[in-house]
Structure formats: C-alpha cells, structure tokens
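Notes for the one structure printed next.
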Amino acid sequence: MLRLHNDASRLPLLLALLIIVSCNGAEVAQDFEVELFDGERFQLSEQYYDNVVVVNFWYPSCAPCREEMPEFQKAWEELDGDEFRFLGVFVPLGFDTEHSAREFVDELGLTFDFATDRSETISSAYQIEFYPTTWFIDRGGRVASTHSGALDEERITAKVRDLLND
C-alpha cells in the first residue's frame, strides 16, 4: 500500500516533467547557408533569432508549387513590416534548372527571397519527399510545423501571425 501511495504522489511531478519536455522539446531546424538569387548570403541561424522564418521547398514544373507561389506572394505583402522571412528553396528536379526557376520567379513578380539547393543537401537534410513542402520556424529556431502540399494565403498568414505572437 505504501508503494502505491508513493507512486501516486510522484504522478504530478512526472506529469509536470513530461509537459516541460514536450513544450521545450521541439526540433531545432537544421542550419544551412545558401546564396540567394540576388547574390546575397542567407544563413538560417542568423535569421531565426530576430524573425519567424518560412522555408518553402519547390520546383517550377511542380503544379501545386506553381499554384501556391502567388499565395505566398499575397501573404508576403499582407505581412509586410513584421519580423519574418520567407525563403523559397528551389530544388533542381527533372528538367527544371536554376534558369527556369529564376524565369518563373520573374514571371510571377515574386519579391521574397529565393535560393537554389544546388546539391540537394538542404532538401535531403530536411527529408523532403513531397513538393511543395513548407517549414515554419519560430524565433528560437524550433520547427513549429511543416506542411506538404499547396497552402493558401490565409493559412500562411495565420501561421506566421501565430508564431509572431508567441
């Protein structure tokens, strides 16, 4: 009987410990560095302490990627001025080249940051299997959520605002 009582008295402590671990145990986004289409350098770890960072993996001939990009642009414009960064990471798959990716960005008038995962090391490290895939990273560098498939402006904006308010 005493053993059961001792175990029961430890239950609140164990539950509190599990809550702390689950709240603080979010995966930290793997750091990477790329050269942006405009020639600037982008280092993830230099961005996420001041900004919420949204990383979108895509390629031009991917139909859902093409559908989603105007939605990202709308979200980018809607959120203008807040502490966030969007990065479109072009992954060269199939017949797509960096040239075709740059043409696509220009054609749609996309104004947020883009880079090429030239050796596919970033997409491999992030275990990207489906396109598009988007990672939402909070200001502590923790992966807040990921999403495979096309997103609309409303969902992108809501997620970023939630992270900005945390």
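The values are calculated or read from the model by the stated rules, or taken from the named source; none is laboratory data. Since this is a predicted model, take the numbers as computed values, not measurements. Neighbour counts are summed over all protein chains in view; Cβ atoms, including those assigned to glycine, are modelled from backbone coordinates with ideal geometry.
Looking at GLU71, GLU78, GLU103, GLU107, which one is within 18 Å of GLU154 (Cα to Cα) and more than 17 Å from the chain's Cα centre (by Cα)?
Details: GLU71 fails: more than 17 Å from the chain's Cα centre (by Cα); GLU103 fails: within 18 Å of GLU154 (Cα to Cα); GLU107 fails: within 18 Å of GLU154 (Cα to Cα).
Exactly one of GLU71, GLU78, GLU103, GLU107 is within 18 Å of GLU154 (Cα to Cα) and more than 17 Å from the chain's Cα centre (by Cα), namely GLU78.
From GLU71, GLU67, GLU107, GLU35, which residue is at pLDDT 95 or above, among the charged types (D, E, K, R) and over 21 Å from LEU151 (Cβ atoms)? Step through it out loud before you land on a result.
Numbers: GLU71 fails: over 21 Å from LEU151 (Cβ atoms); GLU67 fails: over 21 Å from LEU151 (Cβ atoms); GLU107 fails: over 21 Å from LEU151 (Cβ atoms).
Checking each option against the conditions leaves just GLU35.
Taking the range 60-72 only, how many residues are assigned to a helix (DSSP H, G or I), crowded, with 17+ Cβ neighbours inside 10 Å and in contact with a Leu (Cβ under 9 Å, 6 or more places away or on another chain)?
So the answer is 4.
Failed condition for VAL55, given (1) in contact with a Leu (Cβ under 9 Å, 6 or more places away or on another chain); (2) in a loop (DSSP other than H, G, I, E, B); (3) within 16 Å of VAL160 (Cα to Cα), with all others met?
For VAL55, the exception is condition (2).
Restrict the check to the range 121-131 and report whether at least one residue is modelled with pLDDT of 95 or more, assigned to a strand (DSSP E or B), touching a helix residue (DSSP H, G or I) at 6+ places or on another chain (Cβ under 6 Å) and surrounded by 12 or more Cβ atoms within 10 Å (Cβ to Cβ).
No, the range 121-131 contains no residue that is modelled with pLDDT of 95 or more, assigned to a strand (DSSP E or B), touching a helix residue (DSSP H, G or I) at 6+ places or on another chain (Cβ under 6 Å) and surrounded by 12 or more Cβ atoms within 10 Å (Cβ to Cβ).
All but one of (1) in a helix (DSSP H, G or I); (2) in contact with a Leu (Cβ under 9 Å, 6 or more places away or on another chain) hold for SER100; which doesn't?
(2)
For THR111, are the conditions met, namely being among the polar types (S, T, N, Q), within 21 Å of VAL34 (Cβ to Cβ) and part of a loop (DSSP other than H, G, I, E, B)? Explain how you work it out, then say what you get.
On the way: among the polar types (S, T, N, Q): yes; within 21 Å of VAL34 (Cβ to Cβ): yes; part of a loop (DSSP other than H, G, I, E, B): yes.
When the stated conditions are applied, THR111 passes them.
Take the residues in the range 81-100 that are of a type in the set (Val, Ile, Thr) and either crowded, with 21+ Cβ neighbours inside 10 Å or modelled with pLDDT under 95 (or both); name whichever of them is nearest to the chain's Cα centre (by Cα).
Let us first name the residues in the range 81-100 that are of a type in the set (Val, Ile, Thr), namely 89, 91, 97.
Okay, now just the ones that are also either crowded, with 21+ Cβ neighbours inside 10 Å or modelled with pLDDT under 95 (or both), so 89, 91.
On the way: VAL89: 10, VAL91: 15 Å.
Among them, the one singled out is VAL89.
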